[in-house]
């Protein structure tokens, strides 16, 4: 079973006219372990680092239930959504809320909420959207099986 890891990398990049500038960027990586996540993020980001050292400064496990990604060119931001699924306990008759975190790729907050609603409305479960916030994630690297 794969997990999602939020990896933060730091490296030097050419600034406009001021020379080199150190930047930190966050990415989401699909991996089995912290070690694999570090290896994969280095492999993905290394080609974009032309000068200096690439440093993985932080890796943390992200508990993400679902990702709603698309290939639209204008959708270049990632939003974190907290969704509460509502179930009713048959014995006591009380409502129970179970929260889940989801990632939505979109170009704006209103469009992210619209996309999230469209995806969730196609499911049978009752839900409420508790929060949708912008993230610092620049890209998502899903696992791809090596070609034989």
(request) Using DSSP, restrict attention to beta bridges with both residues in the chain and report what percent are antiparallel, rounded to the nearest 5. (result) 85
(request) Can you put 126, 92 in order of Cβ neighbours within 10 angstrom, beginning with the fewest? (result) 92, 126
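If packing is taken as the average count of other Cβ atoms within 10 Å, what order do 51-60, 138-147 fall into, highest mean first? It would help to have the intermediate numbers written out before the result.
Numbers: 51-60: 12.7, 138-147: 10.4.
For the peptides 51-60, 138-147, the packing ranking is 51-60, 138-147.
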(message) As I understand it, the value is the acute angle between the Cα axis of helix 34-45 and the longest principal axis of the Cα atoms of the chain; what does it come to in degrees, rounded to 10?
(response) 60
(request) Find, to one decimal place in angstroms, the Kirkwood hydrodynamic radius of region 32-96, where the mean of 1/r is taken over every pair of different Cα atoms and then inverted. (result) 16.4
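Between residue 10 and residue 96, what FRET efficiency follows from the Cβ-Cβ distance if R0 is 41 Å, with the result rounded to 0.05?
For R0 = 41 Å, the calculated efficiency reads 0.45.
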(request) Within region 64-105, which residues have the backbone N less than 19 Å from the label spot 7 Å out from residue 142 along Cα→beta-carbon, could you tell me? (result) 64-81, 101-105
(request) Considering the convex hull of the alpha carbon atoms of region 66-135, report its projected area averaged over all viewing directions, in nm², one decimal. (result) 4.7
(message) Give me 115, 128 sorted ascending by neighbouring Cβ count inside 10 Å, so fewest comes first.
(response) 128, 115
(message) I'd like the orientation of helix 109-121 relative to the chain: the angle between its Cα long axis and the longest Cα principal axis, in ° from 0 to 90, rounded to 10.
(response) 50
(request) In whole angstrom, note down how far apart the Cα centers of region 16-78 and region 108-141 are. (result) 21
(request) Report the Stokes-Einstein translational diffusion coefficient (µm² s⁻¹, integer) for region 3-62, Rh taken as the Kirkwood radius over Cα pairs, at 4 °C with viscosity 1.567 mPa s. (result) 109
(message) If you take Cα Rg over 2.2 N^0.38 Å from the coordinates, which of (1) 0.95; (2) 1.26; (3) 1.43 do you get?
(response) (2)
(message) Run the helix sum for the chain: -39,500 (n - 2.57) per DSSP H stretch of 4+ residues, divided by residue count, reported at 222 nm to the nearest 500 deg cm²/dmol.
(response) -5500 deg cm²/dmol
(message) Under the 0.36 nm per residue contour assumption, what length would be gained going from the current alpha-carbon distance of residue 87 and residue 21 to full extension?
(response) 18.7 nm
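Every number here is computed from the coordinates shown, using simple stated rules; none is lab data. Computed from a predicted model, the values in this text were never measured in an experiment. Every residue, glycine among them, receives a Cβ derived from its backbone with ideal geometry; neighbour counts consider all protein chains shown.
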